[in-house]
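What follows is calculated from the coordinates using simple rules that are stated; it is not laboratory data. These figures come from a predicted structure and were not determined experimentally. With ideal geometry, Cβ positions are generated from the backbone for all residues, glycine too; neighbour counts draw on all protein chains shown.
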């Protein structure tokens, strides 16, 4: 009996060796281990043997069954691996060919710049508010301490609508609206388009501003200075020099202009900074008492500072854009250069 | 404005290097935009007289001159053409250095020794061009150092004057700030003492004292707060001294004639505009009055001006002779034959002067100065300064001044007596510094403020610190504490007359101290109070996500002007209204506020197409201005050309599918924001879009926008030859449609069963109406349904039908569904939709 089993085993091994497909292996398995398989028959016949034989033959039969099963599995895995490999060889894609899809778009540099500015000042608690582009004369001028007869109106070449509305000349009216609807303390930024009725090579009739406003008790000019130094250095580098110069705006007193060490020549003097080594980048000051009065804040109770900057100019410096008109032509070859996270 | 440093030095002994001065002025609010040094290298130039001129023996174009400097005779060979014997000229002797740095040496010209050179204005750095040798007035003293005599060595500061600093539009004003910054004394100018005369008068009438005096009357006291006139006689054909001409030139003013030059000189020096009438042409007394409607005046520029009431004129018995503060009249203009003049110095109302100047489009230097507000106390001084100069230089006879005052209009400036209470502690808190009393009050005094320390404006004069009589306490703004008005940290300051239109509160006083002390010295710090976010910027977050979505899907952002052209309105069939039309556009192409973003995008596509960029996808966030509504923010985008099909693999090229692809992107963008139940309808009846490929997008409660292929007529109007698909959505409606953060709901885990169904539908039946019936009739067990095939075939279905295949997914949360249950539900569902729609089951 034992010798029959040995013979069976070697026959099976031969059959396995001859099988070269997964289905061939399966045939072998069925003929030996299937319900009616040779080995299965032997195992079925064990019950007819004597107890002694049952023990020895049974052990041998089970051992051989395990060996055959393992051999079949091993052969099948080998064949499956070969088949898969053969399939992979025929199923290749040249992944170095262009990906299918339209790629990423680009963010307009003005948007990127605005985002950088808003995020930077957001770190010290400024949040954005917005307002309409067509404004009332009151919000754009009177409330900002610029009465009709004020010579400062000359500084604003204003577009008027036929019904008397004005295209805002700065985003300060957004601050007026904010103060009219919210009680102090306030820490806001007003980004947006502004309009001036003059245009030449270096001026666009539409450009972008961001104005900031902080109102609270006991706000000082020293804090304005600190805020703007933090802001400009965050954007242009910690080592950049920043200086403050007295200036005049109807809506702030004291007022100042803020100069940044020229980003092109690092203060040595070049064409961009007109050989001064400085770039005038912001206007700022302590909010004028008349502005507080116009919005119903009590200038005896609160003080505040405001600042404004031209996003276009800053973007031109930041991205080294030479001509402001590029910003509004929206030429695909220009915009596409501004991919990636701002 | 240009200022001669030499001139400034007549008022203040400032001796720092000019670059250092320029920087310090810039940091004090007088922005020096440029510094020009003149004649820095000049030396050794003397005044000489040409005694004889002889021909050069060997050169036709040269002459040999004998020139004396009063002591020595020098032989000089020159090629100059414009000289004659007896001319007085600048001479550079050997060793002298010219403006360009060239040193003069003794030499020989064609064999004749030449010991120097006769100089032109160019060689002395006075002008860029010269016709020949500079011929000097005959009375120029011989032998003097000409560089010193004619004040050729100078530095010119070009200073940008801030709008509120009209007082700095003068040498005196600049010198005054310098004196404050450098703590130097400010010197007075020499003037004629007008009080020696007897012609002083106040009020509406004038008097004369001497024969050649003029009288003046002020009938427009609101328009003219102060008018002075005086006669100056016998000034005929006096030549303006060189030094004065030189100062005018470096200040950018062309010398004209003596009287004009002196009035310009004093204007530059003291900032007060002056006007000289030819006395012989003035008929009778001078009257300041409002113009009559329709009154005519020919101004100096020979224009006839039609005046209206409210415009201030100066008139004599024969009518208007000047547009007050703006421009003189032609009738009384001075000329070469003028011997006697009437000199006017006045203070005209800034607002009225500005209005008059604007009405006549005559923004003269004089008008601009009056607009900015002048020192009313300086009017008489300026007249006296002119009188002094003319008298001392030309020996003219100066008449008494006639003065007719009015009053300043009811404005901040006039109701203000110039007194401001300043609490230095509050001031220090506002700036964030620790100025001492000495520092602050000293600075103010040097700027011309009166400072009464320890006194407030209500307690009158004379009270001094620590007098112990009254201690006035009050609660102030920034401090919320009792302020001791008798302390050395408190003062009542009197604003100088030349700053009263500008300095109206203690904050302006603070600014004055701060700018003079310098902003550098303020130690900066970040805001100290706690951080408050005034608004939750949900909107910002949502917008930023929308932005990123389109960028990630290959769209590039553009930013356009908010206005488009009237032409665009026509192209897009908008009605333009007054509230959306700019009355003073720069160009017709930017004259109307856009109602939609579409034309802006079509302009960009047109621009790109004309530059060989024929495919792309762009989007814009921006304001729109519906003619009948409020300003709103839209997001719009276009895909143009074969952008969707731009793959190189044939299997990706799906021509004609772009509208639905765009719809897919837009709907995914909305879904990504959390807009649920997006509904798209086929209707869209406006001329912008292809009538058969356009739709509207809405959320459950709000219309959101529209999309579709752009109408070929629009494309044609913009010169675009590639197809364009477009969407535009209202951002605020989108924000309103964003659902709050999602909440988890348990989902079924038991096996589901799918049943498919194909239906034949009429082609003109919108998918959305089929879908809405499906959702309406859907049994509870059907958890999900979707379209998985769409098929058209003229052969099998006919030209007007198409087949749609849907999958219905059945699932129960509680039990595993049996075929019987699913079949029952499915059969009922199919029956319900067949009954509700004109369809057949395939």
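Which whole-number percentage describes the relative contact order of chain A, with Cα contacts under 8 Å and a sequence gap of 6 or more?
Relative contact order of chain A: 16 percent.
What are the radius of gyration and Dmax of chain A, computed over its Cα atoms and given in Å?
41.4, 127
Which angle from 0 to 90°, rounded to the nearest 10, does the C-alpha axis of helix A:22-33 make with the longest principal axis of chain A?
Tilt of helix A:22-33: around 40 degrees.
In degrees, nearest 10, range 0 to 90: what is the angle between the Cα axis of helix B:538-552 and the longest Cα principal axis of chain B?
In chain B, helix B:538-552 runs at an angle near 80 degrees to the longest axis.
What share of Cα pairs, in percent, lie more than 29 angstrom apart in the range B:194-405?
Details: 3727 of 22366 pairs.
Roughly 17 percent, once rounded to a whole number.
Please average, across the residues of B:391-398, the number of beta carbons from any other chain that are within 10 Å of each residue's own beta carbon, and give a whole number.
Mean shielding by partner chains, rounded to a whole number: 0.
Using label points projected 7 Å from each Cα along Cα→Cβ, tell me how many nm separate residue A:331 and residue A:266, to one decimal.
3.1
Report, in deg cm²/dmol and to the nearest 500, the calculated mean residue ellipticity at 222 nm for chain A, where each DSSP H run with n ≥ 4 adds -39500 (n - 2.57) and the sum is divided by the residue count.
After summing the helix terms and dividing by residue count, I get -13500 deg cm²/dmol.
So between residue A:217 and residue A:148, what do we pick up on full extension, going 0.36 nm a residue minus the alpha carbon distance?
21.7 nm
Average partner chain C-beta neighbours within 10 Å, per residue of B:615-622?
Taking all residues of B:615-622 together, the mean is 3.
Extending each Cα 7 Å along its Cβ direction at residue B:668 and residue B:541, get the distance between those two points in nm, one decimal.
According to this spin-label approximation, the distance is 2.4 nm.
Could you compute the FRET efficiency for residue B:283 and residue B:584, with r as their C-beta to C-beta distance and R0 at 30 Å, rounded to 0.05?
0.10
Once you compute Rg and the Kirkwood Rh from C-alpha atoms, what is the Rg to Rh ratio for the range B:298-415?
0.97
For labels at residue B:789 and residue A:183 in the simple 7 Å Cα→Cβ model, what's the distance in nm?
A separation of 6.8 nm, rounded to one decimal place.
What is the Cα coordinate range of the protein assembly as shown on the first, second and third principal axes, sorted by size from largest, in whole angstrom?
161, 77, 73
May I ask you to order B:232-239, B:609-616 by the average number of other C-beta atoms within 10 Å around their residues, highest value first?
Values: B:232-239: 17.2, B:609-616: 15.8.
Packing proxy ranking, top to bottom: B:232-239, B:609-616.
Given a Förster radius of 22 Å and the C-beta distance between residue B:144 and residue B:15 as r, what FRET efficiency does 1/(1 + (r/R0)^6) yield to the nearest 0.05?
E between residue B:144 and residue B:15, to the nearest 0.05, is 0.40.
Percentage of Cα-Cα pair distances in the range B:538-737 greater than 20 Å, rounded to whole percent?
When all Cα pairs of the range B:538-737 are counted, 56 percent exceed 20 Å.
Using only the alpha-carbon atoms, how far is helix B:171-181 inclined from the longest principal axis of chain B? Give it as 0 to 90 degrees, nearest 10.
80
List the equivalent ellipsoid semi-axes of the range B:140-188 in whole Å, largest first, each obtained as the square root of 5λ for an eigenvalue λ of the Cα gyration tensor.
30, 14, 10
Can you tell me what percent of all Cα-Cα pairs in the range B:698-759 are more than 15 Å apart?
Percentage above 15 Å: 73.
Once you average over the residues of B:22-32, how many Cβ atoms of partner chains fall within 10 Å of each Cβ?
Working: counts 0, 1, 0, 0, 7, 5, 2, 8, 2, 5, 1.
For peptide B:22-32, the averaged partner shielding equals 3.
Go through B:740-747, B:261-268, B:91-98, A:234-241 and give me the packing order, highest mean Cβ count within 10 Å leading.
B:261-268, B:91-98, A:234-241, B:740-747
Calculate, in nm to one decimal, what residue A:200 and residue A:67 gain on full extension: separation in residues at 0.36 nm each, minus their alpha carbon distance.
Values: separation 133, 0.36 × 133 = 47.88 nm, distance 9.23 nm.
Additional length available on full extension: 38.6 nm.
So what is the relative contact order of chain B, in percent, for Cα pairs below 8 Å that sit 6 or more residues apart?
After rounding, I find 8 percent.
Take peptides B:165-174, A:1-10 and line them up by average Cβ neighbours within 10 Å, highest first, as a rough protection proxy.
B:165-174, A:1-10
Would you mind getting the Kirkwood hydrodynamic radius of the range B:792-842 from its Cα pairs, rounded to one decimal in Å?
Working: mean 1/r = 0.0752 Å⁻¹.
Computed over Cα pairs of the range B:792-842, the Kirkwood hydrodynamic radius comes out at 13.3 Å.
Rounded to the nearest 0.05, what FRET efficiency do residue B:570 and residue B:318 give with R0 = 56 Å and r taken as the Cβ-Cβ distance? Could you check?
0.50
How long is the gain from residue B:610 to residue B:765 if the chain were fully straight, where each residue apart is worth 0.36 nm and the alpha carbon distance is subtracted?
Stretched fully, the residue B:610-residue B:765 segment lengthens by 51.8 nm.
Let me check against my output: what whole-number percent is the relative contact order of the range B:538-737, with C-alpha pairs under 8 Å and at least 6 apart?
It rounds to 20 percent for the range B:538-737.
From the C-alpha coordinates alone, can you work out the Kirkwood hydrodynamic radius of chain B, in Å?
When all Cα pairs of chain B are included, the Kirkwood radius is 35.8 Å.
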